[in-house]
Amino acid sequence: MKKRIAVLGATGSIGKSSLDVIERESEKFSVVLLSAHSSRSQLEQLKKQWPSAVCVLTGESSQTLLDAIKDLQPDIIINGISGSAGLEPSFAAIEAGSNLALANKETIVMAGKLILSLAKEKNVKIIPVDSEHSAIFHLIEAHNAPEEIILTASGGPFRKLSLKEMEKVTAQDALSHPTWKMGQKITIDSASMANKGLEIIEACYFFNMPAEKIKVVIHPQSIVHSMIRLSNGAFYAQLSKPDMRHPIHDALHWPQAARNNLDILNFDSLTLEFEKPCLEKFPMLGLAWKAAEKGGLYTCAYNAANEEAVAAFLQQKIRFTDIPVITCSVLEKNWSLHYSDKETILKADSDARLEAVKIIKKMA
Ligand code: NAD
Ligand code: MG
């Protein structure tokens, strides 16, 4: 029987890669649901290609999408929606009893504890698609529980710039990523290393590890997708070309490790470099460790403040180096409330955004 798949955010970078993986293995998978936010013509194109899929344009409201998830109960839902808008569909996926192949890291950063415990209760699996977490997830399945997790980071386009030079970078500069082709928001986050910050938090929740056990190393080639260190001192790493179709393929086939027909890494002339990240140049890293350590709603506030700051940077209201300044100010408020429901998370998200917007207005 074919696995019935939903692709949320089907017109985006993750969505397109997912549909490519599914098309290559159409004897194993069928597409039952596709969603996009505003790109109507692209979604109409996809409807021609996948005529049996229900296609939903979410626009102003995601209710139709949430209803479609409930009705269709797909076997696997790939969540490739960008930003906090991915949260509600993730909850709906779990409520529907669908396994969740999760690219939308914001879901975990905002609601980690709650969503993971709900998944356990409903007996559904959340399989990470973020390349680092996919690597760690499969490494942990193959080995013992790690002593330490080492997240690799490309370092983005500004790795070699000085702090002074970083003050002057434009959105266009930040949107040219050296190794990955991704959506706008995650590309800016990669340049500020907020993406790695979100991934530190994602790793803490996913693998139930304290923040100090999650390390970050710069690896500009993006070939080693992450590593774990076991108690005997041995490191295990996962390597492949930087192509999101690898983790998507692995998530769709989990728990099997199935063959794929993607390009294989060639070691004939491969150089792998590693270096320490500069915390002064990339304060979003330090702020993420702090937010993860504090727990509660701090991680949700980190995400909300960063999302507002990135939007303001793209609208040329603030400088690139203001993104961590805004996030830091928002995190100075008290977010220590422990939560056990989605509403409290959504309220904290909205409060943190209001706070960020206030600071942005003062700066502009
Ligand atoms: P993208 O901008 O290319 O695509 C986003 C998709 O989400 C589009 O289909 C868009 O229509 C939809 N969308 C946007 N806003 C929406 C809203 N308010 N409601 C409903 N749908 C909405 O983004 P992307 O690069 O594919 O990233 C998607 C997610 O995957 C992000 O959370 C990102 O952090 C994560 N991720 C991406 C990559 C990558 O290589 N692109 C790697 C790891 C993780
Ligand atoms: Mg990643």
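Quick notes on this structure:
- Restricting Met244, Met209, Met284 to those that are within 23 Å of Glu141 (Cα to Cα), more than 13 Å from ligand 2 (Cβ to nearest atom) and in contact with a helix residue (DSSP H, G or I) (Cβ under 7 Å, 6 or more places away or on another chain) reduces the list to Met209.
- Hey, Glu199 in contact with a strand residue (DSSP E or B) (Cβ under 9 Å, 6 or more places away or on another chain), modelled with pLDDT of 95 or more, of a type in the set (D, E, K, R) and within 12 Å of ligand 1 (Cβ to nearest atom) or not: yes
So that you can scan it fast, the table gives a plain yes or no per residue for (1) without any contact (Cβ under 8 Å) to a residue 24 or more places away in the chain; (2) outside any strand (DSSP E or B); (3) within 15 Å of ligand 1 (Cβ to nearest atom); (4) touching a His at 6+ places or on another chain (Cβ under 7 Å):
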{"residue": "Ser52", "(1), (2), (3), (4)": "yes, yes, no, no"}
{"residue": "Val56", "(1), (2), (3), (4)": "yes, no, yes, no"}
{"residue": "Ile81", "(1), (2), (3), (4)": "no, yes, yes, no"}
{"residue": "Gly86", "(1), (2), (3), (4)": "no, yes, yes, no"}
{"residue": "Ile108", "(1), (2), (3), (4)": "no, yes, yes, no"}
{"residue": "Gly112", "(1), (2), (3), (4)": "no, yes, yes, no"}
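- Lone qualifier among Glu27, Glu44 - being outside any helix (DSSP H, G or I), charged (D, E, K, R) and over 20 Å from the mean Cα position of the chain (by Cα): Glu27
- Taken over the stretch 109-150, the criterion of being among the charged types (D, E, K, R) and either at positive phi or away from ligand 2 (no atom under 15 Å from the Cβ) (or both) is satisfied by Lys113, Lys120, Glu121, Lys122, Lys125, Glu141, Glu147, Glu148.
- Just one of the listed residues (Leu272, Leu279, Leu285) is of a type in the set (A, V, I, L, M), part of a helix (DSSP H, G or I) and modelled with pLDDT of 95 or more, and it is Leu285.
- Matching option when the condition is in contact (Cβ under 8 Å) with a residue 12 or more places away in the chain, among the charged types (D, E, K, R) and over 19 Å from Gly83 (Cβ atoms), among Glu275, Glu307, Glu355: Glu275
- Strands (runs of 3 or more DSSP E) lying entirely in the stretch 124-228 (those with 2 or more residues that are among the aliphatic types (A, V, I, L, M) and under 21 Å from Leu279 (Cβ atoms)): 148-153, 214-218
- Evaluation of Ala153 against the conditions (1) near ligand 2 (Cβ under 9 Å from one of its atoms); (2) surrounded by fewer than 18 Cβ atoms within 10 Å (Cβ to Cβ) shows that the sole unmet condition is (2).
- On the stretch given as the stretch 88-106, residues that are polar (S, T, N, Q) and in a helix (DSSP H, G or I) total 1.
- Filter pass, Thr271 being among the polar types (S, T, N, Q) and surrounded by fewer than 18 Cβ atoms within 10 Å (Cβ to Cβ): yes
The values are calculated or read from the model by the stated rules, or taken from the named source; none is laboratory data. Since this is a predicted model, take the numbers as computed values, not measurements. Glycine gets a Cβ as well: all are built from the backbone with ideal geometry, and neighbour counts include every protein chain shown.
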